[in-house]
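Nothing in this text is a laboratory measurement; each read-out follows from the coordinates by a stated rule. Given the structure is predicted, the values throughout are model-derived calculations rather than measurements. Ideal geometry is used to build each Cβ from the backbone, glycine not excepted, and the neighbour counts take in all protein chains shown.
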Amino acid sequence: MGEKKQQFREFLSRQGLKSTRQREIILDEFLRGDSHLSTEDLYLKLRKKNPGIGYATVYRTLKLFSECGIAEVRNFGDGQTRYESTTCEEHHDHLICKACGAIIEFEDPRIEELQEQVAKDHGFAIVSHRLEIFGHCAKCLYK
């Protein structure tokens, strides 16, 4: 967590922006919180303990997190932009439920190997990738 805080502070300094108490509070909650947070999710969590932090501040700060590389923007087709911490060292993919919006992270080395082989077969060098599979979770499927 300390490494990400330092990365953010250095980014702010390079951008000529201040490291404010509100930004620090937002950063702490973001790094401690659940994965795949929307601006509203994070705002509602913060508002309980910090009623002085506004929605616009949370929105702008999340954008700064993305710009400095401590968060990745995710759009799972539900109309909300979500942010995922880049603190996870391991790559993972996502299963997204179209009914309830549940997001399940998974890793499968077979998929990774197959992607590498497909790229190799086509003379293609993968720089990054993202796999998002949409469907219905077990809970919604068997209602």
Worksheet item: Counting other C-beta atoms within 10 Å, which of Ile53, Ile133, Ile104, Ile26 has the fewest, and how do the rest follow?
Response: Ile133, Ile104, Ile53, Ile26
Worksheet item: How many nm separate the modelled label positions at Gln15 and Arg60, each set 7 Å beyond the Cα in the direction of the Cβ?
Response: 1.0
Item to complete: With a cut-off of at most 15 other beta carbons within 10 Å, and DSSP calling the residue loop, which trypsin sites (Lys or Arg not before Pro) in the stretch 54-101 qualify? Please list them.
Response: Lys98
Worksheet item: Quick one: Cys100, Cys140, Cys68, fewest Cβ neighbours within 10 Å first, how do they rank?
Response: Cys100, Cys140, Cys68
Discussion item. If I model a spin label at Leu141 and Ile104 as a point 7 Å from the Cα along the Cα→Cβ vector, what separation in nanometres do I get?
Written reply: 0.7
Practice prompt. Kindly provide the chymotrypsin sites (Phe, Trp or Tyr not before Pro) of the stretch 72-143 that DSSP labels as loop, not H, G, I, E or B, and whose Cβ sees at most 14 other Cβ atoms within 10 Å.
Written response: Phe124, Tyr142
Worksheet, complete the sentence: As straight-line cross-link partners of Lys5, the qualifying aspartates and glutamates (C-alpha separation under 16 Å, not fewer than 8 residues apart within one chain) are Glu24, Asp28, Glu29, Glu67, Glu72, Glu84
Worksheet item: What longest region of the chain stays clear of GluC sites (Glu not before Pro) that DSSP places outside H, G, I, E and B and that have at most 12 other Cβ atoms within 10 Å?
Response: 1-88
Worksheet, complete the sentence: With N residues in the stretch 93-141, Rg(alpha-carbon) / (2.2 N^0.38 Å) equals 1.42
